[in-house]
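Asker: Before I ask anything, here is the structure I am working with.
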């Protein structure tokens, strides 16, 4: 069963900061989208909080099942290297895109 993000003052603050268009409680219900937003836009301090509170496996899951339209190319590449999923540019899959 997927772990629910605890609704704490800090997680609520991060949800409001990085998923500002949703109510924090709604943003925290979608773990992949919340984590992808942090992985893309978070400050170093907030990134360290994320890495302390979520497992490597959970972060890899976000890369393997990413919400479309959240990651920037820079963040997409960074996290593949950071999590040891890529040794070079050829190891990084294309950023997912919306189809028409």
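Asker: Taking the condition of being part of a helix (DSSP H, G or I) and at pLDDT 95 or above, how many residues in segment 17-30 meet it?
Answerer: So the count comes out to 2.
Asker: Can you say whether residue 61 is in a helix (DSSP H, G or I) and surrounded by 15 or more Cβ atoms within 10 Å (Cβ to Cβ), as far as the supplied structure shows?
Answerer: Considered against the rule, which asks whether it is in a helix (DSSP H, G or I) and surrounded by 15 or more Cβ atoms within 10 Å (Cβ to Cβ), residue 61 comes out as yes.
Asker: Can you find even one residue in segment 81-92 that is surrounded by 11 or more Cβ atoms within 10 Å (Cβ to Cβ) and under 15 Å from residue 5 (Cα atoms)?
Answerer: Within segment 81-92 (the criterion being surrounded by 11 or more Cβ atoms within 10 Å (Cβ to Cβ) and under 15 Å from residue 5 (Cα atoms)), the answer is no, since none of the residues qualifies.
Asker: Which of the following residues is in contact with a helix residue (DSSP H, G or I) (Cβ under 9 Å, 6 or more places away or on another chain), part of a helix (DSSP H, G or I) and either modelled with pLDDT of 95 or more or on the phi < 0 side of the Ramachandran plot (or both): 87, 46?
Answerer: 46
Asker: Here are 7, 18: which of them is under 20 Å from residue 63 (Cβ atoms) and either surrounded by fewer than 18 Cβ atoms within 10 Å (Cβ to Cβ) or under 14 Å from the mean Cα position of the chain (by Cα) (or both)?
Answerer: 18
The values are calculated or read from the model by the stated rules, or taken from the named source; none is laboratory data. Since the model is a prediction, treat every value here as computed from it, not as a measurement. Reconstructed Cβ throughout: ideal geometry from the backbone, glycine too, with neighbour counts over all protein chains shown.
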